[in-house]
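The values are calculated or read from the model by the stated rules, or taken from the named source; none is laboratory data. This one's a predicted model, so the numbers in the text were calculated from it and none came from an experiment. Cβ placement follows ideal geometry from the backbone for every residue including glycine, while neighbour counts extend to all protein chains displayed. To get the accessible areas, we keep the full protein, side chains included, count just its heavy atoms, and leave off ligands, DNA and RNA. Shrake-Rupley method; radii C 1.70, N 1.55, O 1.52, S 1.80 Å.
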Amino acid sequence: MKKVILGLAALSILSFTSCKEDATKKIVENNVVAAAERDANASKFPIISFDKMEHDFGEIEAHTPVETEFNYTNTGDAPLVITDIKSSCGCTVPKDWSREPLAPGESGKFSVKFNGSGSNKITKTITVTANTEKGSEVVKITAFVKPAPVTTN
């Protein structure tokens, strides 16, 4: 038993005395600066600002296609990347947006085509998915669709 206690005591003394190296000397200053810069940039997001949040086509005839354009600007501190633009239904088609990163201060645009389906007051939403803090933004189109004229034969 004495040998076991003596062995454990020697092992303990050996382990405590071998860890005299100062851990702060292992820190590389360049790595600290790089990590601080990375952390500061991680909290920066792009901000997408639209010229209009809603477009009203007014009164249109039923089944008459109409189109509009939404312009946007990156007013944030990081590059803006739009990954997808989807509409609330198949009668509204967003198209022609850039898939390339948009630097802070730069502008872009996309068009939205509505095929004139429905009747009376309609509202369709277009969801823009991007690397903003919220992750998505919503713009709308509205119109009053007049019924198609009744033809008699």
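Observations on the structure shown:
- For the chain, with all protein chains in place and a probe radius of 1.4 Å, 56% of the accessible heavy-atom surface sits on carbon or sulfur.
- Taking each residue as 0.36 nm, the span from THR129 to GLU106 lengthens on full extension beyond its C-alpha to C-alpha distance by 6.5 nm.
- The chain: relative contact order as a whole-number percent, Cα under 8 Å and 6+ apart: 25 percent
- Charge context of PRO46, other residues only, Cβ under 14 angstrom, K/R +1, D/E -1: -3
- With only the Cα atoms considered, the chain has a convex hull volume of 195 Å³ per residue.
- Positive-end extreme of charge dipole, region 40-149 - chosen from THR83, SER111, ALA148 (charges on Cβ): ALA148
- Overall size of region 46-113 from C-alpha positions, given as principal axis extents largest first: 43, 20, 16 Å.
- Spacing of the two label points (7 Å from each Cα toward its C-beta) at ASP96 and GLU54, in nm: 2.5 nm
- Nonlocal amide H pairs with GLU106, under 5 Å, H built at 1.01 Å: ASN74
- Per residue, the chain exposes an accessible area of 68 Å² to a 1.4 Å probe, with every protein chain left in place.
- Reported to the nearest whole Å, the Cα centre-to-centre distance from region 113-128 to region 70-108 is 19.
- Crossing angle, helix 29-42 versus the chain [Cα axis fit, 0-90 degrees, rounded to tens]: 30 degrees
- C-alpha long axis of helix 2-18 to longest principal axis of the chain, angle in °: 60 degrees
- Helical content of the chain, expressed as a calculated mean residue ellipticity at 222 nm, amounts to -6500 deg cm²/dmol (DSSP H runs of 4 or more residues, -39,500 (n - 2.57) each, divided by residue number, nearest 500).
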